1. Contact order normalised by length for segment 22-132, with contacts defined as Cα pairs under 8 Å and 6 or more residues apart; what percent is it?
2. Provide the FRET efficiency to the nearest 0.05 for the residue 304-residue 124 pair, computing r from the beta carbons and using R0 = 41 Å.
3. Between residue 2 and residue 81, what is 0.36 nm times their sequence separation minus the Cα-Cα distance? Round to one decimal in nm.
4. Let me check I have the definition right: for the chain, take the eigenvalues of the Cα gyration tensor, multiply each by 5, take square roots. What are those semi-axes in whole Å, largest first?
5. What is the angle, in °, between the Cα long axis of helix 6-15 and the longest principal axis of the Cα atoms in the chain? Nearest 10 is fine, range 0 to 90.
6. Considering only DSSP beta bridges with both partners in the chain, what is the antiparallel share in %, to the nearest 5?
7. For the full complex of protein chains and a 1.4 angstrom probe, list 157, 286, 5 by accessible area with the highest value first.
8. Taking springs between alpha-carbon atoms closer than 10 angstrom, which of 139, 13, 230 fluctuates most in the Gaussian network model of the chain?
Amino acid sequence: MKEFTIEELEKILNEGNFDSLIGKIENNFFECKSQIYDLKNNHSKQELAKDVSSFANSNGGYILIGLKTRKSEIHFGDEVVEKSFLDQNLVDPNQYKDVIKDWIYPNEIQGIEIYWKASQNNSNKGIIIIKIPPQKESLKPFLISKIVEEGEKISETIFGYAERKGDRNESKKIEYIHKIIQDGLFYNENLKNRFDNLEALIQQFLRKEQKEGWGNKDRDIINKRINEILQSYENKRIIVLAAYPEEKLGKLKSLFTNEEGSIKRKLENPPLNAGRIRHAGWSLETLDIGKIIKGQFVRVQSGNTKTI
């Protein structure tokens, strides 16, 4: 089956050609409901908040009310099987927006649209469309949050986080939410400790360097080579890792040679435990042939992502 795209869905919705949706499989950008949300009860309000926030926490999408689905026998997900068109006066878009604003925090999902769209074949019947555009990362996550009062002394706090995964609005378990909050609470402290440790190592190295007499000439050579690399990565965020040997080793006799076990060959094919820690991760592996630069050093590169 040819992949159904969001552009094709939007064309169908604009034209009101809802017959074209029969046989389509719900996915990460659209979900169908056969009946309207009954906003007289809190359960339905919570369900609306969960569905809308799921799309807002992902990449946006559409909730279509007025189309029946059932589990597909040949595809993963639910399949649109029938139209259950609605009259235009069944939904007040402002009431839906009020519930969404009241039940979701932050309470301003940007660009959300709720409207009734007539069928191409019958101007008196149609579907209700809830469009949730992609949201700024700085606004996420959108949380379900509400204190429901049942009486003078009885109240219930409703809290949750949901995200669109494939054809499902997945509610995260309390353990997941707890882990996220815990990581956030300790993030600054953990980050500070890591920087403190890094600073201590740098200071230790500088003291060693001063004691053992690394001169300005040596430092200038390394800095010059680093700057040459930086020029080829203009306008990109990069991380530079540099290291000095603990003591001067004299000439590196196999730096420019191609015999088995030479420094050049080891740069091209790093040892397994040093070069392939994790595929596409932090490693010495580049799959490049070493190039001799100006007769002074050997360089290997992995595209424009890694230079050694």
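1. 30 percent
2. 0.10
3. My answer for the length gained is 26.6 nm.
4. Values: eigenvalues 692, 144, 52 Å².
Three semi-axes, in Å: 59, 27, 16.
5. It works out to around 30 degrees.
6. On the way: 37 of 41 bridges.
Taking every DSSP beta bridge with both residues in the chain, the antiparallel ones total about 90 percent.
7. Per-residue accessible area, sorted high to low, gives 157, 5, 286.
8. 230
The values are calculated or read from the model by the stated rules, or taken from the named source; none is laboratory data. Since this is a predicted model, take the numbers as computed values, not measurements. Don't worry about glycine lacking a Cβ; one is built from the backbone with ideal geometry, like all the others, and counts go over all protein chains shown. We work out accessible area using only protein heavy atoms, side chains counted, and drop any ligands, DNA or RNA first. Shrake-Rupley method; radii C 1.70, N 1.55, O 1.52, S 1.80 Å.
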